[in-house]
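Notes follow once the structure below has been shown.
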Amino acid sequence: MSLLKSIPKIDKFINNKEFQGFSPSLITQISKIIITKLRADILEEKVDSINEVDLIQSVKNEYKDLTSPSLQSVINATGIIVHTNLGRSLINEESFNKAMKVATSYNNLEYDLEQGKRGERYSHIVKTLQALTGCEDAIVVNNNASAVFLILNTFCKNKEAVVSRGELVEIGGSFRVPEVMSQSGAILKEIGTTNKTHPRDYEDAVNENTSMLMKVHKSNYTIEGFTSEVPYEEVVKIAKEKNVIDYYDMGSGHMIDLPFNLDQAEPSILKIMQYNPSLLSFSGDKLLGSVQAGIIIGKKELIEQIKKNQLLRMLRVDKITLALLEDNLTSYLENKLDDIPTLKMLYTSIIELEKRADLLKESIEDLCTCEVIQTQTLIGGGTTPNKKIPTIALSISYKDYKANRIEKLLRRENLITRIENEKVLIDFRSIKENQILQIANIIKKVFN
């Protein structure tokens with residue numbers, strides 16, 4: 001009981017000079033929790049002494065933990081350019097600075113400067129998308145999952161949407177096409193089999209309650225062997241003949257031809273637009289290389305109907321997203337592809353990657369065993385599933401440390417690597433050129 005009497009009084013404890021400059025309310029909140037726990041530990045005979053210096057440090061540590069940002073910058077040395085867990089595509093710094101100027105001042109988000117009256121927020125990207133894709137109209141929501149839901153809710157509520165069984169996908173976060181369709185009010189009409197769907201399956205499925213023929217990008221998987229699927233141009237043709245809407249959920253859309261024959265796995269938006277589709281939707285933050293968004297392009301009359309859906313207000317994007325997306329699309333329009341970090345990384349040559357790996361090796365080889373190797377990586381983000389691309393990596397080993405231990409030590413310094421063949425790899429496909437010195441300093445710190 002005498003120990004209980006030694007517990008510091010909250011009002012005196014929080015006025016300790018060690019807490020000067022801290023938020024009084026937060027210090028009080030943390031102190032109450034820590035001292036309450038101390039009291040419980042004494043009663044349970046878990047502690048037999050009180051050290052006020054340690055109590056103060058515990059409060060300061062908790063304060064720092066609560067007020068330090070949880071979202072932090074990391075170096076992506078995994079080789080996966082569109083890494084979903086690491087924020088997907090990078091934003092160009094110049095684009096970000098432009099968006100910052102817009103966001104930190106009043107702007108014409110919904111104001112027509114020419115007419116001097118209320119405008120439409122989507123108008124800021126429509127002209128650029130029209131020039132790039134030849135679409136009649138466009139709209140942007142907060143991600144492609146929202147785009148899918150909004151389209152289905154607008155056109156297929158209590159009506160049938162025809163989808164091949166081989167395209168009833170589930171992506172990260174248990175996002176399943178059948179469940180999304182159900183939540184949107186659409187009636188799913190499955191056709192074909194898992195491995196084979198034919199044009200006649202679409203034709204035979206259409207009835208008086210059919211609203212849409214839908215094609216879905218097979219994110220994160222491929223179907224191989226005894227297979228066949230209906231090309232989208234054929235779906236468009238059948239939809240027009242049957243007087244229903246055709247819609248392609250492209251998942252990760254891209255504007256230009258991709259290297260390493262990746263176009264065989266994933267056609268470009270521009271190629272699909274040649275078929276005069278009704279509606280397409282795709283992500284902004286995958287192969288497009290921009291900010292998180294769901295972009296819908298297509299026929300003007302259909303986009304106008306989507307704009308009238310009350311759900312749009314819940315799914316719309318803000319000024320920062322629009323500013324970043326507009327600048328990214330303008331880079332495509334002006335053919336300034338080096339301004340798009342995702343594409344710049346994807347197109348960096350093996351020779352250049354090798355030079356960067358050699359540079360890092362020279363600066364750290366006196367500390368650890370390292371070797372420049374050729375290997376392969378994935379693009380990531382559900383794009384071009386199972387298609388690997390060539391890359392250069394630096395394998396790292398140190399004394400008798402196992403790979404898992406080295407990976408963890410580097411991860412503590414926010415350097416995210418991968419393990420291949422029991423070796424830690426620093427893969428240069430996803431590393432920016434100006435990060436090499438930073439990586440060298442991290443390795444020196446860890447191994448010293």
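The values are calculated or read from the model by the stated rules, or taken from the named source; none is laboratory data. Since the model is a prediction, treat every value here as computed from it, not as a measurement. Note that each Cβ is placed from the backbone with ideal geometry, even for glycine, and that neighbours are counted across all protein chains shown. SASA here: full protein model, heavy atoms, side chains in, ligands and nucleic acids out. Shrake-Rupley method; radii C 1.70, N 1.55, O 1.52, S 1.80 Å.
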Restricted to Cα positions, what overall size does the range 124-242 have along the principal axes? Three whole-Å values, descending.
45, 36, 31
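If you take the Cα Rg of the range 108-172 and divide it by 2.2 N^0.38 Å, with N the number of residues, what do you get? Write down the numbers at each step before the final one.
Numbers: Rg = 16.4 Å, N = 65, 2.2 N^0.38 = 10.7 Å.
That works out to 1.53 for the range 108-172.
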Using only alpha carbon pairs under 8 Å that are at least six residues apart, calculate the relative contact order of the chain and give it in whole percent.
19
For the pair Leu270/Lys388, report the inter-label distance in nm, with labels modelled 7 Å from Cα in the Cβ direction.
3.0
For the pair Leu43 and Glu422, how long in nm is the line joining their label points, each one 7 Å along Cα→Cβ?
5.4
With a 1.4 angstrom probe the carbon and sulfur portion of accessible area for the chain, in percent, totals 47
Helix 123-133 against the longest principal axis of the chain: what's the angle in degrees, Cα atoms only, rounded to the nearest 10?
60
Proximal lysines to Lys9, defined as alpha-carbon separation beneath 30 angstrom and excluding residues fewer than eight positions away on the same chain:
Lys17, Lys32, Lys37, Lys46, Lys60, Lys64
With each run of n ≥ 4 DSSP H residues scored as -39500 (n - 2.57), what mean residue ellipticity at 222 nm is computed for the chain after dividing by its residue count and rounding to the nearest 500 deg cm²/dmol?
-11500 deg cm²/dmol
The range 144-200: Rg/Rh from Cα coordinates, Kirkwood Rh?
0.98
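Go through Lys344/Lys445; Lys242/Lys299; Lys189/Lys307; Lys189/Lys240; Lys218/Lys319; Lys127/Lys300 and tell me which ones have a Cα-Cα distance over 20 Å in this structure. Could the numbers behind the result be given before it?
Working: Lys344/Lys445 30 Å; Lys242/Lys299 17 Å; Lys189/Lys307 26 Å; Lys189/Lys240 18 Å; Lys218/Lys319 31 Å; Lys127/Lys300 13 Å.
From the list (Lys344/Lys445; Lys242/Lys299; Lys189/Lys307; Lys189/Lys240; Lys218/Lys319; Lys127/Lys300), the Cα-Cα distance tops 20 Å for Lys344/Lys445; Lys189/Lys307; Lys218/Lys319.
Could you order the peptides 25-37, 269-281 from most to least packed, using the average number of other C-beta atoms within 10 Å per residue? Let's see the in-between values first.
Working: 25-37: 16.1, 269-281: 18.8.
Put in order of decreasing packing, that is 269-281, 25-37.
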Could you work out how far helix 319-333 tilts from the main Cα principal axis of the chain, as a 0 to 90 degree angle to the nearest 10?
60
Rg/Rg_ref, the range 10-84, where Rg_ref = 2.2 N^0.38 Å and atoms are Cα:
1.59
Gain in length, Glu301 to Lys402, computed as 0.36 nm per residue apart minus the alpha-carbon separation, to one decimal in nm?
30.3 nm
Please give the length that would be gained between Leu3 and Asn309 if that part of the chain were fully extended, namely 0.36 nm times their separation in residues minus their C-alpha to C-alpha distance (nm, one decimal).
103.5 nm
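Mind ordering 104-111, 234-241 by average Cβ neighbours within 10 Å, highest first? Before the final figure, lay out each step's value.
On the way: 104-111: 11.4, 234-241: 17.9.
Ranking, from highest mean packing down: 234-241, 104-111.
Sort the following peptides by mean Cβ neighbour count (other Cβ atoms within 10 Å, averaged over residues), highest first: 403-415, 248-260, 139-151. Walk me through the numbers on the way to the answer.
Details: 403-415: 16.1, 248-260: 21.4, 139-151: 24.0.
Going from most to least packed, we get 139-151, 248-260, 403-415.
Using only C-alpha positions, report the orientation-averaged shadow area of the convex hull of the range 273-316, nm², one decimal. All intermediate terms of the calculation are to be shown ahead of the outcome.
Values: hull surface 14.5 nm².
Over every viewing direction, the Cα hull of the range 273-316 projects on average to 3.6 nm².
May I ask what percent, to the nearest 5, of DSSP beta bridges between residues of the chain are antiparallel?
Details: 33 of 53 bridges.
Given both bridge residues lie in the chain, the antiparallel proportion sits at roughly 60 percent.
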Suppose each label sits 7 Å from its Cα in the direction of the beta carbon; what would the Glu136-Glu52 distance come out to in nanometres?
7.8
For the range 62-124 and the range 316-332, what is the separation of their C-alpha centers, rounded to whole Å?
9
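Mind giving me the FRET efficiency for Glu18 and Asn434? R0 is 51 Å, r the Cβ-Cβ distance, nearest 0.05 is fine.
Numbers: r = 39 Å, r/R0 = 0.77.
Plugging the Cβ-Cβ distance into 1/(1 + (r/R0)^6) gives 0.85.
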From zero outward in steps of 5 Å, how is the percent of C-alpha pairs of the range 186-283 spread across the bins?
2, 12, 23, 24, 20, 13, 5, 1, 0
P(r) of the range 1-138 in 5 Å steps, Cα pairs, percent per bin?
2, 7, 11, 10, 9, 8, 7, 8, 8, 8, 7, 6, 4, 3, 2, 1, 0
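Mind pulling the per residue volume of the convex hull built on the Cα atoms of the chain? Å³ is fine. Write down the numbers at each step before the final one.
Details: hull volume 99.8 nm³, N = 448.
Enclosed volume per residue, from the Cα hull, is 223 Å³.
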Expressed as a whole percent, how much of the Cα-Cα distance distribution for the range 337-444 exceeds 18 Å?
49
When each pair of different Cα atoms in the range 307-376 is counted once in the 1/r mean, what is the Kirkwood radius in angstroms, to one decimal?
16.2
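Please work out the average accessible area per residue across the range 221-373, using the 1.4 Å probe convention, and give it in Å².
Details: 7060 Å² over 153 residues.
With all protein chains present, the range 221-373 gives 46 Å² per residue.
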Hull-based mean projected area of the range 272-412, where the convex hull spans the alpha carbons, in square nanometres
12.9
Please give the helix 436-447 orientation as an angle from the longest Cα principal axis of the chain, in degrees from 0 to 90, rounded to the nearest 10.
40
